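Notes for the one structure printed next.
The values are calculated or read from the model by the stated rules, or taken from the named source; none is laboratory data. As the structure is a prediction and not an experimental result, all values here were calculated from the model. Ideal geometry is used to build each Cβ from the backbone, glycine not excepted, and the neighbour counts take in all protein chains shown. Just so you know, the surface numbers come from the protein's heavy atoms only, side chains and all, with ligands and any DNA or RNA stripped out. Shrake-Rupley method; radii C 1.70, N 1.55, O 1.52, S 1.80 Å.
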Amino acid sequence: MEQKKYWNPYLAGIGLGITLLLAFVLVGRGLGSSGAMIRVVSWITSTFSQSHVDANPYFVKYAGSGVNTFQNWLVFEVIGVAVGGFISGLLSGRLKFKTEHGPNITSKIRWIYAFAGGILMGFGARLAYGCASGQALTGGATLALGSWAFMFSLFGGGYLVAYFVRRQWL
Amino acid sequence: MAPFYKTGYFSEPTSFVIAFLIGIGFGFWLERAGFGNARVLAAQFYFKKMTVLQVMFTAIITAMIGLLIFSLFGWIDLDLVYINPTFIWPQIIGGVILGTGMVVSGFCPGTSIVSCATGRIDAYFYLGGALFGMFLFGEIYPLIEGFHKTGAMGRMTLDNWMNISLGMAGFIVILLAIGMFWGGEWLVKKFGEKETAQ
């Protein structure tokens, strides 16, 4: 199927903004992603050792004994995100089993970067109490001070490091 | 009066169905904008594309304007809307770490889900890394719990912090966004490449 061009980012942004507004109006909260992921992590850890989770001041909040880990708004939202992404990909012919990378590196190098970057982000997201969707997008729209500080720090950090990993992309 | 869940219009199970539907919207628009492809996100940091900035800020001001207008008409009680509590230092440090991870990986958690759903293998590696990174965070938490709670300012919004009205704060944000869009367009003209579908 012929792959279609991406939408105009401003229009996609309006679509996203309306979705976010809908969340505020209906449920009184915004979007998120990492909050669901930490639940998955905590739950997996608890299957290896419930006592370890109970003894950990962070994991216990998400998967301590008696906590219903997945009975949570974000978990259902994130499942929706996967479905929505799939639908859009399907409609635009962008469903592909492949690795996206710059012209000067291999897929395998890309996988290493993706994994390493993932570790940084996983750590950073929990430290910041959320990621781009929960803090920058949602917190940004509600004018939360910490979220705006987070957003500027995010762009700052990215631009600072971009030069050093340009081989991967350019 | 909105937010309807908090004023008792429906139950928790219904809110989960709504979560799922809203999530579909979220994932749909992320993919529409091209974030299923890590290169689109990374391009932001080389001034090749401004997609991240454009989508993010447009979404922010769209939702923000919506909230302000609804509040003005008395349709929504803003006090019932969850506002992220501010913990200024961990949010700044976390933001820098996250920004670093973003340009190294080309993802953020939300876009990685969309990328996984459209079959990108690099997204799966990212997801594995992200889950591991969160695990690490939890494991060392006893050591950093103190830092994680520093700079606690509670429910602090820009208008309170700058001692201006909500409307004024919103106006400044809109000006900021327009300035960024304008600057962004200029940067892409200088450094960017012609828009092509990957």
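What the table shows:
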quantity: Carbon plus sulfur fraction of accessible area for the protein assembly as shown, probe 1.4 Å, in percent; calculated: 71 percent
quantity: Listed residue pairs exceeding 19 Å between alpha carbons, taken from B:K48/B:K189; A:K4/B:K189; A:K96/B:K189; A:K5/A:K96; A:K96/B:K49; calculated: A:K4/B:K189; A:K96/B:K189; A:K96/B:K49
quantity: Total charge dipole magnitude, the protein assembly as shown, about the Cα centre, Cβ charges on Lys, Arg, Asp, Glu only, Debye to nearest 20; calculated: 1040 debye
quantity: Dipole moment magnitude, nearest 20 debye, chain A about Cα centre, only Lys, Arg, Asp, Glu C-beta charged; calculated: 500 debye
quantity: Percentage of interatomic Cα-Cα distances in the stretch A:1-80 larger than 21 Å; calculated: 48 percent
quantity: Accessible surface, the protein assembly as shown, averaged per residue in Å² (probe 1.4 Å); calculated: 41 Å²
quantity: Longest segment of chain B lacking GluC sites (Glu not before Pro) that sit in a DSSP loop with at most 16 other Cβ atoms within 10 Å; calculated: B:1-192
quantity: Between A and B, accessible area buried - total, square angstrom, nearest 100, 1.4 angstrom probe; calculated: 11100 Å²
quantity: Residues in the stretch B:14-42 reached by a label modelled at A:K98 [backbone nitrogen below 16 Å; 7 Å Cα→Cβ]; calculated: B:34-41
quantity: Drop in accessible area of at least 30 Å² in the complex versus isolated chain, residues of the stretch A:17-55, 1.4 Å probe; calculated: A:G17, A:T19, A:L21, A:F24, A:V25, A:L26, A:V27, A:G28, A:S33, A:M37, A:V41
quantity: Stretch in chain A that is longest and holds no trypsin sites (Lys or Arg not before Pro) that DSSP places in a loop and that have at most 14 other beta carbons within 10 Å; calculated: A:6-170
